[in-house]
Amino acid sequence: MASTISFSTANVQLIRVGNDHSYVGLRPISPQSCVSFVRRAKAKSSMVIRASNEQETSVKTSGRTIEECEAAAVAGNFPDPPPLCRPSGPEGTPLVKPLLLPRRPRRNRKSPALRASFQETNLSPANLVLPLFIHEGEEDVPIGAMPGCFRLGWRHGLLDEVYKAQDVGVKSFVLFPKIPDALKSQTGYEAFNDNGLVPRAIRLLKDKYPDIAIYTDVALDPYSSDGHDGIVREDGVIMNDETVHQLCKQAVSQARAGADVVSPSDMMDGRVGAIRAALDAEGFHDVSIMSYTAKYASAFYGPFREALDSNPRFGDKKTYQMDPANYREALVEAETDEVEGADILLVKPALPYLDIVRLLRDNSSLPIAAYQVSGEYASIKASAVFKMIDEEKAMMESLLCIRRAGANIILSYFARQAAGVLCGMRFK
Ligand code: PBG
């Protein structure tokens, strides 16, 4: 509760300290008078002293209705001006000469109204893209390492989840399929089966919700028996150009099903240009490409790979995903993606790579996306379970910070929960 206290000049005295008797402020004449202030303040209050934004923001007024206020004003009874008074600190507070500061940045933070006016970055549900895991089953299966996330049955749970997300303003979705082992192969050909899980889900969603934006993931890993994003040669090398050939077929198949944005996440060289050409050749000039421009070889993808059972069967992804130590290399990727016709540049993961988000933002005119990945999500969820942090505040802060770094859109498993908070809903 904000303390609501009114003061009048009759009960205060001027305090002067220092050799030059410089003015410090006003304080109550005596503790008794202070008590009587508070008492009277409860009846008639006009001034709010608030220590932090954690306190209630509603200011107590005289309690009169607008009509009563108007009538009083018309009758010539105006409220007193706010009293010139500085409430005293606790006993033992030193009396000091005010610092001579021409600039006091705290002035612009002193009330919720002013803070809201000067807020530089905003977050809206329109900035959020919700990644969804789907599978062939009918049930929604919880994902152990990602509390609150499920492998959704594509015919039921998926439609339900999209409905709920739309309801709080999230209109963009990206689909990730859990493919049965029997359909996985070394060349990942299930990736371009027009009747595969992803194309079917896209068609269903587009039929039910024509206004949503559907993003797809273009990479072979969910379809690869090796768990890699590309075709693996017998000596373990990931084959670039042959993989790109498959990715083009995958992207076209997704476009044919109705995808709005195809998103190559494989990090093969030349895939954006090749996919653009393949889409155009099939008449899909309007299908956009969101390129995973700067995708780092990150430990933060762990829970995702569990969700899709897509862990590499051997080795790691360091010959195609970027080294977390590298900054300037992101510019090389951004330049090639731009030239090849990418519509959106994506950075992944997000929070540990905000410098890369800012780098691309400052060096490209294209929209920038950031992917708050599974490990980032799981970290916040897990520490909240142990009551180490406040989940909702950490969630909103992390998303706002990703926006501040320069991301237009954020792919996040928090998308629905965060949009709910923005709509004033509470999940707890
Ligand atoms: C695969 C892909 C991955 C993610 C998105 N697409 C995993 C990987 O590259 O191994 C990770 C997303 C997440 O961790 O939330 N192409």
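The values are calculated or read from the model by the stated rules, or taken from the named source; none is laboratory data. Small disclaimer: the values here were computed from a predicted structure and weren't measured. Positions of Cβ are generated from backbone atoms using ideal geometry, with glycine treated the same way; all protein chains shown enter the neighbour counts. Just so you know, the surface numbers come from the protein's heavy atoms only, side chains and all, with ligands and any DNA or RNA stripped out. Shrake-Rupley method; radii C 1.70, N 1.55, O 1.52, S 1.80 Å.
Please determine, by comparing only the residues of the stretch 123-137 that are within 15 Å of E161 (Cβ to Cβ) and among the hydrophobic types (A, V, I, L, M, F, W, C), which one is farthest from the chain's Cα centre (by Cα).
For the stretch 123-137, the residue satisfying everything is I134.
Go through D337, D355, D323 for me and flag whichever is of a type in the set (D, E) and under 22 Å from the mean Cα position of the chain (by Cα).
Matching residue, one of D337, D355, D323: D355.
T243 - would you say it is of a type in the set (V, I, T), within 15 Å of the ligand (Cβ to nearest atom), open to solvent by 50 Å² or more (accessible area, probe 1.4 Å) and over 29 Å from the mean Cα position of the chain (by Cα)?
So T243 fails the test.
Would you check if there is a residue in the stretch 119-135 being farther than 18 Å from V198 by Cβ, without any contact (Cβ under 8 Å) to a residue 40 or more places away in the chain and open to solvent by 30 Å² or more (accessible area, probe 1.4 Å)? Steps first, please.
Filtering the stretch 119-135 down to residues farther than 18 Å from V198 by Cβ leaves 119-128.
Still in the running and without any contact (Cβ under 8 Å) to a residue 40 or more places away in the chain: 119.
Imposing the further condition that a residue be open to solvent by 30 Å² or more (accessible area, probe 1.4 Å) reduces the set to 119.
Scanning the stretch 119-135, I find at least one residue that is farther than 18 Å from V198 by Cβ, without any contact (Cβ under 8 Å) to a residue 40 or more places away in the chain and open to solvent by 30 Å² or more (accessible area, probe 1.4 Å), so the answer is yes.
It is to be established whether one or more residues within the stretch 221-234 are basic (K, R), more than 16 Å from the ligand (Cβ to nearest atom) and assigned to a loop (DSSP other than H, G, I, E, B).
Yes; the residues of the stretch 221-234 include at least one that is basic (K, R), more than 16 Å from the ligand (Cβ to nearest atom) and assigned to a loop (DSSP other than H, G, I, E, B).
Table: residues versus (1) acidic (D, E); (2) at pLDDT 95 or above; (3) within 25 Å of N311 (Cα to Cα).
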position: P177; (1), (2), (3): no, yes, yes
position: A182; (1), (2), (3): no, yes, yes
position: L197; (1), (2), (3): no, yes, yes
position: D211; (1), (2), (3): yes, yes, no
position: A219; (1), (2), (3): no, yes, yes
position: Y223; (1), (2), (3): no, yes, yes
position: G230; (1), (2), (3): no, no, yes
position: L247; (1), (2), (3): no, yes, yes
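Could you check the stretch 142-160 and list, in sequence order, the residues that are crowded, with 21+ Cβ neighbours inside 10 Å and more than 16 Å from the ligand (Cβ to nearest atom)?
If the condition is that a residue be crowded, with 21+ Cβ neighbours inside 10 Å and more than 16 Å from the ligand (Cβ to nearest atom), then W154, G157, L158 are the ones that fit.
Considering only the stretch 186-203, how many residues are more than 13 Å from the ligand (Cβ to nearest atom) and in contact with a Phe, Trp or Tyr (Cβ under 7 Å, 6 or more places away or on another chain)?
4
Which condition breaks for Y215 when tested against (1) part of a helix (DSSP H, G or I); (2) open to solvent by 10 Å² or more (accessible area, probe 1.4 Å); (3) within 15 Å of the ligand (Cβ to nearest atom)?
Condition (1) is where Y215 drops out.
Counting only residues that are within 16 Å of the ligand (Cβ to nearest atom) and part of a loop (DSSP other than H, G, I, E, B), which one in the stretch 246-287 is most open to solvent (accessible area, probe 1.4 Å)?
Out of the qualifying residues, it is D269.
Which residues, counting only those in the stretch 98-118, are assigned to a loop (DSSP other than H, G, I, E, B) and touching a helix residue (DSSP H, G or I) at 6+ places or on another chain (Cβ under 8 Å)?
F118
Which members of the stretch 132-153 meet the condition of being assigned to a strand (DSSP E or B) and touching a helix residue (DSSP H, G or I) at 6+ places or on another chain (Cβ under 8 Å)?
Passing the criteria: L132, F133, I134, H135, F150, R151, L152.
Sort out which residues of the stretch 191-210 are out of contact with any Lys or Arg (no Cβ under 7 Å at 6 or more places or on another chain), open to solvent by 10 Å² or more (accessible area, probe 1.4 Å) and either part of a loop (DSSP other than H, G, I, E, B) or among the aromatic types (F, W, Y) (or both), and write them in order of number.
Result: N193, N195, Y209, P210.
Scan the stretch 399-410 for residues that are open to solvent by 10 Å² or more (accessible area, probe 1.4 Å), part of a helix (DSSP H, G or I) and not charged (D, E, K, R) and jot them down.
Within the stretch 399-410, L400, C401 qualify.
What's the number of the condition L175 fails, among (1) buried (at least 17 other Cβ atoms within 10 Å of the Cβ); (2) more than 14 Å from Y209 (Cβ to Cβ)?
So the condition that L175 fails would be (2).
Scan the stretch 343-355 and report the pairs whose first residue is more than 13 Å from E333 (Cβ to Cβ) and whose second residue is outside any strand (DSSP E or B) and away from the ligand (no atom under 13 Å from the Cβ), with Cβ atoms within less than 6 Å and a gap of 6+ or a chain change.
I344/P367; A350/I402; L351/S398; L354/A405
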